[in-house]
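Below: the structure, in structure tokens.
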Amino acid sequence: MEVSATTQPAAATGADTVALGVFADEELSGQAPGELRSLLESGEAARAPKSLALAHAEGKRWLLVGLGARAGFDAETARVAAAAARERARELSARTLCWIAPEQTGAHVAAALVEGTVLADYRFERFKSVPQAGGDGAGEDERPKHLERLLVSSPQELGPAVSEAALVAEAVNAARDLQNRPGNDLTPTAMAEHARGLAGEIDGLAADVEGREGIAARGMGAFSAVAQGSEQEPALITMRYEGPGANGPALGFVGKAVTFDSGGISLKPGAKMAEMKFDMSGGAAVIEALAAIARLRLPLNVVAVVGATENLPSGRSVKPGDIVEAANGKTIEVNNTDAEGRLVLADCLCHAVAQGADRIVDLATLTGAVIVALGSTYSGLMSNDDELAQRVSDAGAETGEIVWRLPLHREYSELIKGTYGDLDNAPEARKAGTVVGGAFLSNFVGEVPWAHLDIAGSAWDLGRPYAGKGASGYGVRLLVALARSYCPQ
């Protein structure tokens, strides 16, 4: 989709469809044709959020989109409105959609309109068979599946905000593509090749990949233990971006990328196991967020570490009761092989520290307990540093990828003490499951400020109008916003 801003009135653009928002407590914009005013006066159109009404005027289709009260209007409301308009535009076979930016709103709202539209326009059809030419086409939907062009009309100059929002939204969709690929296609090696490909395309971005032998040589016994059950080669993916004129702290991103998680010897139930292809979602978000940061040429340094592997049962698999040693010398009792993500992350966090990260944020689909606690609305945030936690929370609020901070009280560390080793990866008490996962990870960052995001409830089937079923790409926009917060203003 081609995305751009224009200072032309919407009626003067080449768009076949125009979207115009209306607040519950205000009159329509001066660009609105009389036909839209008539719809409101007759009651056919409503001002409530996501309400839609259609009129034809000035040779175009006009969509009137309810925005609710201005006092409650924010960027997330704009994303939702944009997604609703995008779906109606698809039903109308629109090819070029022009949004009239609501009056008295800033660039952040224009950016949100772009995000909501581009994310709602996403389809994953890589494995859909193409109907053969000459078929009867019965039941086929011949409407365009994607918009060709999106315009944002405003008297303000919104070009940079609109183009940057489009770039980041496309990065989210690229992460969704990775997430949606099945485990027999997106292997750890394929994920590493994708990272290398991005590094080859984008100036200032580098990627290094190490396999099974390299991981073992680094003393990463926890990561190695998870990977040893699969014939697929694991991948330790280290990516670096050095921004122009960067002189602040080196930001570190760490992502869990278990490309398929069967649970290992502690085998998961069969129901919904197919969804465990999404267990690499943290890694996908980290890779694509860093790619977006590099394309934006943000002036900061970032190191990203992704641990990619499968977790499968075999004669070589790590067993319940085994004890492994992480890269920092901590020993871990593996009492449940389905708590494998924290083993992978343990060594990846150590690696990020060793690579010089001064601030670290990790993303992982770590626990089912976070879904019980927070559903899909929030991801769980745990941190050893208040300032970093606040930055992450602010980035989440800005992007709609909202987080809820959970405590890391010292008593939780008592729950993860091992009987025969230093740590237990899965305490039997089953108390505070999400927090216990965070407490475990805190052992592998030393004194470095660190934040952990448990995105198990948000990575797929998010249920928002712009990201409903399937992969959500959650975390990409948050990480980009976080990186921006470290850039000179």
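Which members of segment 362-378 meet the condition of being of a type in the set (S, T, N, Q) and touching a Phe, Trp or Tyr at 6+ places or on another chain (Cβ under 7 Å)? Step through it out loud before you land on a result.
Narrowing segment 362-378 to residues of a type in the set (S, T, N, Q): 365, 367, 376-377.
Scanning segment 362-378 gives a single hit, THR365.
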Check your understanding: Within the bounds of segment 406-414, is there any residue that is under 18 Å from PHE253 (Cα atoms) and either small (Gly, Ala, Ser) or at pLDDT below 95 (or both)?
Key -> no
Inside segment 337-375, the number of residues satisfying the requirement of being open to solvent by 40 Å² or more (accessible area, probe 1.4 Å) and either charged (D, E, K, R) or at pLDDT below 95 (or both) is 3
Residue pairs within 8 Å by beta carbon, gap of at least six or interchain, first lying in segment 345-360 and on the phi > 0 side of the Ramachandran plot, second open to solvent by 10 Å² or more (accessible area, probe 1.4 Å) and at pLDDT below 95, listed first then second, are GLY356/ALA250
Here the residues within segment 443-489 that are out of contact with any helix residue (DSSP H, G or I) (no Cβ under 8 Å at 6 or more places or on another chain) and small (Gly, Ala, Ser) are SER458, GLY463, GLY468
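Would it be correct to say that GLY219 is of a type outside the set (Ser, Thr, Tyr), part of a loop (DSSP other than H, G, I, E, B) and either buried (at least 23 other Cβ atoms within 10 Å of the Cβ) or under 23 Å from the mean Cα position of the chain (by Cα) (or both)? Show your work before the answer.
Details: of a type outside the set (Ser, Thr, Tyr): yes; part of a loop (DSSP other than H, G, I, E, B): yes; either buried (at least 23 other Cβ atoms within 10 Å of the Cβ) or under 23 Å from the mean Cα position of the chain (by Cα) (or both): no.
It is false that GLY219 is of a type outside the set (Ser, Thr, Tyr), part of a loop (DSSP other than H, G, I, E, B) and either buried (at least 23 other Cβ atoms within 10 Å of the Cβ) or under 23 Å from the mean Cα position of the chain (by Cα) (or both).
Of the residues that make up segment 285-299, is at least one hydrophobic (A, V, I, L, M, F, W, C), touching a Cys at 6+ places or on another chain (Cβ under 8 Å) and either free of Cβ contacts under 8 Å to residues at least 24 places away in the same chain or farther than 26 Å from ALA165 by Cβ (or both)?
We begin by selecting, within segment 285-299, every residue hydrophobic (A, V, I, L, M, F, W, C); these are 285-287, 289-294, 296, 298.
Now restrict to residues that are touching a Cys at 6+ places or on another chain (Cβ under 8 Å): 298.
Narrowing the set further to residues that are either free of Cβ contacts under 8 Å to residues at least 24 places away in the same chain or farther than 26 Å from ALA165 by Cβ (or both) leaves none.
The answer is no; no qualifying residue exists.
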- Quick check: is even one residue across segment 281-304 crowded, with 20+ Cβ neighbours inside 10 Å and either touching a Pro at 6+ places or on another chain (Cβ under 7 Å) or at pLDDT below 95 (or both)? no
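So which residues in segment 343-383 are of a type outside the set (Asp, Glu) and closer than 16 Å to ALA235 by Cα, if there are any at all? Quick ask: steps written out before the conclusion?
Just the residues of segment 343-383 that are of a type outside the set (Asp, Glu), to begin with: 343-346, 348-357, 359-361, 363-383.
Within segment 343-383, LEU343, VAL344, LEU345, ALA346, CYS348, LEU349, CYS350, HIS351, ALA352 qualify.
Just to check your reading of the model, which residue among LEU20, LEU52, LEU36 is open to solvent by 50 Å² or more (accessible area, probe 1.4 Å) and over 23 Å from SER472 (Cβ atoms)?
Details: LEU20 fails: open to solvent by 50 Å² or more (accessible area, probe 1.4 Å); LEU36 fails: open to solvent by 50 Å² or more (accessible area, probe 1.4 Å).
Every option except LEU52 fails the conditions.
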Check segment 435-457 and report whether any residue there is at pLDDT 95 or above, out of contact with any His (no Cβ under 8 Å at 6 or more places or on another chain), acidic (Asp, Glu) and within 22 Å of ALA339 (Cα to Cα). yes
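Residues checked against (1) in a loop (DSSP other than H, G, I, E, B); (2) modelled with pLDDT of 95 or more:
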site: GLU26; (1), (2): yes, no
site: GLU44; (1), (2): yes, no
site: LEU67; (1), (2): no, yes
site: GLU76; (1), (2): no, yes
site: GLU103; (1), (2): yes, no
site: GLY116; (1), (2): no, yes
site: ARG123; (1), (2): yes, yes
site: GLY135; (1), (2): yes, no
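Yes or no, residue by residue, for (1) free of Cβ contacts under 8 Å to residues at least 12 places away in the same chain; (2) open to solvent by less than 30 Å² (accessible area, probe 1.4 Å); (3) within 22 Å of VAL480 (Cβ to Cβ); (4) not small (Gly, Ala, Ser):
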site: GLY68; (1), (2), (3), (4): no, yes, no, no
site: ALA75; (1), (2), (3), (4): no, yes, yes, no
site: HIS108; (1), (2), (3), (4): no, no, yes, yes
site: GLY116; (1), (2), (3), (4): no, yes, yes, no
Note: among GLY433, GLY446, GLY437, GLY463, just one is open to solvent by 10 Å² or more (accessible area, probe 1.4 Å), out of contact with any Pro (no Cβ under 7 Å at 6 or more places or on another chain) and under 19 Å from HIS409 (Cβ atoms), namely GLY433
Of the residues in segment 376-396, those that are within 14 Å of the chain's Cα centre (by Cα) and either open to solvent by 10 Å² or more (accessible area, probe 1.4 Å) or free of Cβ contacts under 8 Å to residues at least 24 places away in the same chain (or both) come to SER376, THR377, TYR378
Cβ pairs under 7 Å, 6+ apart or interchain, first in segment 415-427 and closer than 15 Å to GLU340 by Cβ, second modelled with pLDDT under 95, ordered by first then second residue, are none
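Every residue in segment 142-169 that is in a loop (DSSP other than H, G, I, E, B) and open to solvent by 70 Å² or more (accessible area, probe 1.4 Å), please. Step through it out loud before you land on a result.
Step one: list which residues in segment 142-169 are in a loop (DSSP other than H, G, I, E, B), which gives 142-148, 154-158.
Answer for segment 142-169, where residues must be in a loop (DSSP other than H, G, I, E, B) and open to solvent by 70 Å² or more (accessible area, probe 1.4 Å): GLU142, ARG143, LYS145, HIS146, GLU148, PRO155, GLN156, GLU157.
The values are calculated or read from the model by the stated rules, or taken from the named source; none is laboratory data. Quick caveat: nothing in here was measured; it's all calculated off a predicted structure. Ideal geometry is used to build each Cβ from the backbone, glycine not excepted, and the neighbour counts take in all protein chains shown. Quick note on the areas: whole protein, heavy atoms, side chains included, nothing else; ligands and nucleic acids left out. Shrake-Rupley method; radii C 1.70, N 1.55, O 1.52, S 1.80 Å.
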